[in-house]
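Accompanying notes for the structure given below.
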Amino acid sequence: MSDIDDKLMSPADAVRRFIGNGSQVAIGGFTINRNPMALACEIARQGVKDLHLVCHSHGQALDLLIGAGCVSRLELAYGGNGRYAPTCIRFRDAVENNKILFEDYSNYQMSLRFLAGALGVPYIPSKSGLGSDVIRLEGFPPGIRKERNVASKKVVIAQNPFSNDDDPVVLLPALTPDVALVHAQYVGDDGTVRITGLSFADIEQAKSADVVIVSCEEIVPRSIIRRDPDANSLPPFLVDAIVHAPHGAHPTACYGFYDYDPGHLNLYRAAAGDDETWRAYLDKWIYGVPSHEAYLEKIGDTALRALRADPERGYAVGLDRK
Amino acid sequence: MSDIDDKLMSPADAVRRFIGNGSQVAIGGFTINRNPMALACEIARQGVKDLHLVCHSHGQALDLLIGAGCVSRLELAYGGNGRYAPTCIRFRDAVENNKILFEDYSNYQMSLRFLAGALGVPYIPSKSGLGSDVIRLEGFPPGIRKERNVASKKVVIAQNPFSNDDDPVVLLPALTPDVALVHAQYVGDDGTVRITGLSFADIEQAKSADVVIVSCEEIVPRSIIRRDPDANSLPPFLVDAIVHAPHGAHPTACYGFYDYDPGHLNLYRAAAGDDETWRAYLDKWIYGVPSHEAYLEKIGDTALRALRADPERGYAVGLDRK
Amino acid sequence: MTGYTDTEMMALAAGRLIKDGDIVFAGTGVSMLAATTAKRIYAPGAVFFFETGGIDPDLRELPMTVGDPRVMSGTSINTGLIDALSLLGHRKLRTIALLGTAQIDRYGNLNTTSLGDYHRPATRFPGSGGACDAASCASGVISFVKHEKRRFVEKLDYLTSVGWYRGGDSRRRLGLPRGGPIAVVTNLGVMKFDDPTKEMYLACRYPGVPVETILENTGFPVDVSRTVEAEPPSAEELRILRKEVDPQHLILQ
Amino acid sequence: MTGYTDTEMMALAAGRLIKDGDIVFAGTGVSMLAATTAKRIYAPGAVFFFETGGIDPDLRELPMTVGDPRVMSGTSINTGLIDALSLLGHRKLRTIALLGTAQIDRYGNLNTTSLGDYHRPATRFPGSGGACDAASCASGVISFVKHEKRRFVEKLDYLTSVGWYRGGDSRRRLGLPRGGPIAVVTNLGVMKFDDPTKEMYLACRYPGVPVETILENTGFPVDVSRTVEAEPPSAEELRILRKEVDPQHLILQ
C-alpha cells in the first residue's frame, strides 16, 4: 500500500469529485506548455458549466473550455497560442460575441494575485499597470462584485504609506480559487509533486487553492522522489487528487517528455474558426472518446513518437513546427 | 578565460570593494547553517564599522560581527545558536549594555520584507504579529527614521481595502540592503549560483540588494551547472563578486559538504562570555590569521575531516555534537 | 522504571498530544525533542516541518535547531522561510506549532524577547524567530515552559507571540480569525484553556506532583478542579527517548 | 542580395539595437525572432530572458512563444513568472523589453487588448500578457508594429502598456520612475522619441522607402527632419536569419 491510494483516481473521478458548476478554477501551464489537458478534456466531457477561470497567459486548455461552453467568467492576462492562434480562437469568439464575462490583468498582476493567495495575505502592492486601461477599466459588471471569489474591486490605487512623496501603488486582490489544476512530470508514491523545467505560476496557484488536482506523466517511488528534495514542487498535504495521465498535456508540451504537437494544434486552429467545424472537433476529440487513454489512441503512437523530447534538450529537436 | 574573471576575487578584495563603514548588510544562512563566515571574518579583520545588519534568524556571523564591534544597527528576528548559545552571547551583551540600536521583527516579517525588496514593491501586508509587542514597540529611535535604508515607520497597521468588514493587516516595509552576503555550495564559471538543501531567505535577500557577494565551496564548469538549471538559485547578472572559499561557512554547516563544528562552537561559547577571553578569541581566530586559508589551517585538517557530510544524508552521521 | 527527568517528561507529555495526520511546526529545543519523539513513538504519520523550509524530514538524528542540516535530509521538499511560514496559516491545513517560551501569561501569550525595559533589557532572549508567526497563523499552539512563578506571570515584560490575547474573543477581534493556544507543557503538568474565557487551567499534573506545588509556582490563580494525574513514562518510551531520539543528550540534560 | 521581406528587415533592425551586456526581455513573434537573431549575430553576450522564467537559454532553436520548451533549455536558471517579471524592474539591472503591438500612439503607448468597445470589442487581441508589466518596469521598450495608419493612431482603443503616457514627464508623474519607449521598429523604418516632449520621430527609414510612404502610413504627424537611411541587410545577416534562426519559417513568412 502506498501513501496515495486514497488520492489516486481517474480524471473522471477527480473532476466529478472536486469540480462543480460555478467552481473557480486556476489552470496550470502557459499557452502551449504543460496545460492540464487530460483534466480539461474531462471537464468538457462531463459538461461542467459556469466555471470561473483565473489564469495568467493561457492557450489550449483555456480555449477548449471556453469553446466547450464550460466557462461563464474569466480573469486572464493573455489568451494566445503563438502561430497556432495569435489570439485564442474560441476565446476571441466568446469575448467578441458577449458569451462570457471577462476581466483583464497583466501576467505579473495575476501571478502576484496568486502569490497573495498562497501567502494568505489579502492583497499585494505593485507598480505595474499605473496609467494603463488594465487598471482603469473594470471588465466585470458591478452586480457580481459581492459574490464569493469575485474581488470587491478590480484593483485599488493607494499611496505608499512609508513614503513622504507622492508614490502611488496598485493593490492587487488575492486569488483563492476553489480548485487548481496542475500537470506535472512526476508524483512520488508519497504524494510529493515534481515539476521540471519552468514552473510558470503553478506552485503559487496550487498554494492559493482550496483543492489541488495534479495529473502527471509518471508516478515514481518515494525513494526516488525524495533523493533530491530540492527539486520538488509541492508537499503531499497540499495535493487532494493525483491522476496518472501520460501525455496528459497533449497537444501542449511537457518539458523533458514531449514537445507541443504542431499537427494537432493546426488541426485545432482550422476547426476552431467556424462553429460547425468546431462542433465536429468537440464531437470527435472530446465527446467521442470516453477517456484520456482513448484520446491518445486516436492521436496515435506515430504522432506521439514524433514529439518525444530529446533527453538533454527537453524538446523534440528538429520537429517540424510549421 | 571564463565569464567570471572580473568577478572572481579574494574575501579581502570583495569586502574592500563593496562594503564600507555604515553599509547595510543582509547575511545569508540561518543560525548554525551556511553563514557566510569567510566573508564575515574578513569584515571583522578589516575593522569595518557601523554596519546596519538586517537578518531573520541568525547566529554565528551575526554574533561575530557584533562582538568585533562592526555593527551599530541591527534589525533581526532571532539571535541564537541552539545549545551552543540559546541566545547569541555577544548579541545579548550588546543589547543589554546599549552598545547597538536594534529593532525586532519576526522571521516571516523579515522574510516578507526581503521579498518586497526582491519584487521591487514598497511593502507587503501580513496578518502576522497583530496584537504583539513586535508590532507595538519600535526599537529604533525616531531620530534615525529619516535616514537612508531605515524604514520611515517600523510597520503600518491598515485596513484591507478589499474587505467590508474590519480586517486589519500589518504593512511591512521593503528591505533594500546595500549588500547581501551568500555562501553557496556551487558557482558555475558562467556566474550561475546554486544553493543545495534549504535556501532559507538567501534568494530573496540577494534579489533585494544592490550588491551581491557570493562565496562558495566549489566553482564548476558552465556545462555542469547548466545541466540542471532547475536546481540553480541566482543568475549571473545579479552577482557582483564571487569568492572561492572552501569551508567558507565554518563553524556553521554547509549541507552536502560539512556539518557544524561542535568543538569550535563550544570554544566560541566559552570565549564569548567574558570580554577578556572574547578579545583573545578575536586575536587568535580573526586578527591573528591573515586569510581564510590561514584560518582553516589553524582549525586543522583533522577537525575538518570529522565534519565531512555523508553524501546521501548531507550531514556528518553520528558526529559528536555535545 | 521510575527515574526520569523533567525534560523527558515534558517531551513525552507533548509528544502524546500529537496524532497521525497532524501537520506540526516545531521550534528549537524541547520542541524539537517532542517532535522527534512523536515521530518515533506516537505519530509516525504526522508531518513535521520547520520554519527554515524543510518539510517532512526523516529525523533519523535529532536536529539541534531548526537550522540544523538534519531538518533538510530525507524531506519531501526543501523550500525556504517564506514557503514554510506561509504554510503555517494555510486555510486548508490544520497546523500545530510547538514553541518554547521564557514567560507566559494566563491567556497563553508568550515572551521570548526580553525581561525588563525593551530598549535596555535586564535579560535579552533570542527574539521571536518564527514564534510570533506561528502564534498568529497556526491552527493551534503547544508551548513549553519551566514551571516557575517568574515565568508564569500576570503581565509579560514583552508580548512576542499572541495567544488568547486578553481572553474571550479578543484574539479574533485583533484580526486573527483562527488559532490560539491548545496546551502548555511544563515540568510539573499540562495546562489547557477554558471556553469561553480562554483562561489557563490545570489539565493534568505529572505523577507525584502535588497540585499545591503547581499553584505555588504559578504567578496567577488557576483552576485545578479538573486536574487528572498523567500516565508516567513507560520503560519503552524512556528507552526510545534516551537511546534513539537523543542518545547524545543534546537536549535531554 | 537585394530581396528581403518586411519581417526580415524588422528582425535585423531590432537586433542591431541590442548590445553585448544588455539584459533583454523578449515577447512572442517578431520579438522572439529579433532576440534569437541578436544572440547569433550582434550580441552573443546579451542575456535574454522570458516572462515564463527561462533566463539565458541557448536558443539553438527558435522558440515560437515564450511558453515554448526551447526557452527553458540550456538556461542559467529556470524559475517562474514572479521571478522573471520582478527582474524586469530590478533597480540594478538595465533591462530592455521587446514587445509586439497592434496599435501605438505618438507617445509609444501600446494596445494589445482590443479594438472598439472594451466590453464588446470589434476585435479582441490576446491581452497584456507581460507587456503591461514590461512597459511599466523595464528600463526601456523596443516595440514592433506594422506601419499602417490604423495602427499608428491618435488615440488607442485601449491602453494596455504605458509608454511615455501623455509625453513630457507624465510617465514619471504616474509613479513610474524609470523606463519608457526607446524605439519602434516597423516594416518601413525605426521611430524614436524626442526629449523632452517624448513625441515619436522618424529616426531611420529602410533602404528604398520614401519618407512620404511613412508619413502616409502614420496616423499622426511625425518629425522626419533627422531621418537617415538604414543599412540594408547583408547577405550574411540574411543567411543566418533564414538558415540558422528560422529555417522552418515559423515567424518569417
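Report, in debye and to the nearest 20, how large the dipole of the protein assembly as shown comes out about its Cα centre when Lys and Arg carry +1 and Asp and Glu carry -1 on their Cβ.
For the protein assembly as shown, the charge dipole is close to 1420 debye.
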Next item on the list: For chain B, calculate the relative contact order in percent as a whole number, restricting contacts to Cα pairs under 8 Å that are 6 or more residues apart.
Entry: 19
Item checked: Shielding by partners, peptide A:236-249 (average Cβ within 10 angstrom, other chains) -> 2
Check: Distance from the Cα centre of the range D:90-139 to that of the range A:247-267, in angstrom?
Finding: 28
Next item on the list: Return the whole-Å distance between the Cα centroid of the range A:1-77 and the Cα centroid of the range B:90-158.
Entry: 42
Check: Between copies, how close do the A:PRO221 label points come, placed 7 Å along Cα→Cβ, listed in nm from shortest?
Finding: 3.3
Next item on the list: Go ahead and set up a Gaussian network model of chain D, Cα springs under 10 Å, then flag whichever of D:PHE220, D:PHE48, D:PHE25 fluctuates most.
Entry: D:PHE220
Check: What value does the protein assembly as shown have for Rg/Rh, both radii from Cα atoms and Rh as Kirkwood defines it?
Finding: 0.98
Check: Which of the listed residues, A:ILE203, A:ALA158, A:ILE225, is farthest toward the dipole's positive end in the range A:11-306, when Lys, Arg count +1 and Asp, Glu count -1 at the beta-carbon?
Finding: A:ALA158
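Taking the DSSP beta bridges in chain A as the whole, what percent of them are antiparallel, to the nearest 5?
Numbers: 14 of 45 bridges.
Around 30 percent antiparallel, to the nearest 5.
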Next item on the list: Note down the nm distance, to one decimal, between modelled labels 7 Å out along Cα→Cβ at B:ARG148 and at C:SER170.
Entry: 4.4
Check: Rounded to the nearest 5, what is the percent of antiparallel bridges among the DSSP beta bridges in the range D:1-128?
Finding: 50
Next item on the list: With springs connecting C-alpha atoms under 10 Å apart, model chain D as a Gaussian network and identify which of D:ALA13, D:ALA46, D:ALA35 has the largest mean-square fluctuation.
Entry: D:ALA46
Check: Taking N as the number of residues in chain A, what value does Rg over Cα atoms divided by 2.2 N^0.38 Å take?
Finding: 0.99
Notebook entry, point to check: Residue of C with Cβ nearest the axis relating C to D, plus distance in whole Å?
Noted result: C:ILE82, 6
Notebook entry, point to check: Mind checking which lysines have their C-alpha under 19 Å from C:LYS192, skipping anything on the same chain fewer than 8 residues away?
Noted result: C:LYS19, C:LYS146, C:LYS149, C:LYS155
Note to self: Just to confirm the numbers: D:ARG94, label point 7 angstrom along the Cα-Cβ line, distances to the other copies in nm, shortest first?
What the structure shows: 5.8
Item checked: Taking B:TYR268, B:TYR295 and counting other C-beta atoms within 10 Å, the order from fewest to most -> B:TYR295, B:TYR268
Margin query: Using only Cα atoms and rounding to the nearest 10 degrees, what angle (0 to 90) does helix B:37-46 make with the longest principal axis of chain B?
Written below: 90
Next item on the list: Over the range A:115-262, calculate the relative contact order: mean separation of alpha carbon pairs under 8 Å at least 6 apart, over the residue count, as a percent.
Entry: 22
Next item on the list: Compute the acute angle (0 to 90°) between the alpha-carbon long axis of helix B:262-272 and the principal axis of greatest extent of the alpha-carbon atoms of chain B; round to the nearest 10°.
Entry: 60
Checklist line | DSSP beta bridge pairing in chain D, given as percent antiparallel to the nearest 5 | finding: 45
Note to self: Distance between the C-alpha centers of the range C:211-234 and the range B:183-230? Whole Å please.
What the structure shows: 53
Margin query: Taking D:ARG166 in one copy and the same position in all the others, each labelled 7 Å out along Cα→Cβ, what are the pairwise distances from the first, in nm, shortest first?
Written below: 5.0
Margin query: Helix-only estimate, please: 222 nm mean residue ellipticity of the protein assembly as shown, summing -39500 (n - 2.57) across DSSP H runs of length 4 or more and dividing by its residues, to the nearest 500.
Written below: -6500 deg cm²/dmol
Notebook entry, point to check: What dipole magnitude, in Debye to the nearest 20, does the range A:11-306 give about its Cα centre under +1 on Lys/Arg Cβ and -1 on Asp/Glu Cβ?
Noted result: 280
Notebook entry, point to check: Per residue of B:114-120, how many C-beta atoms from partner chains lie within 10 Å of its own C-beta, taken as a mean?
Noted result: 6
Notebook entry, point to check: With r defined as the distance between the Cβ atoms of C:GLU154 and B:ARG269 and R0 fixed at 35 Å, what FRET efficiency is calculated, to the nearest 0.05?
Noted result: 0.55
Item checked: Dipole magnitude of the range A:1-132 about its Cα centre (Cβ charges: Lys, Arg +1; Asp, Glu -1), debye to nearest 20 -> 220
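Values in this text are rule-based calculations from the coordinates and carry no lab data. Note that this is a predicted model, so its numbers are computed, not measured. When we count neighbours, we look across all protein chains shown, and the Cβ atoms used for this are built from the backbone with ideal geometry, even at glycine.
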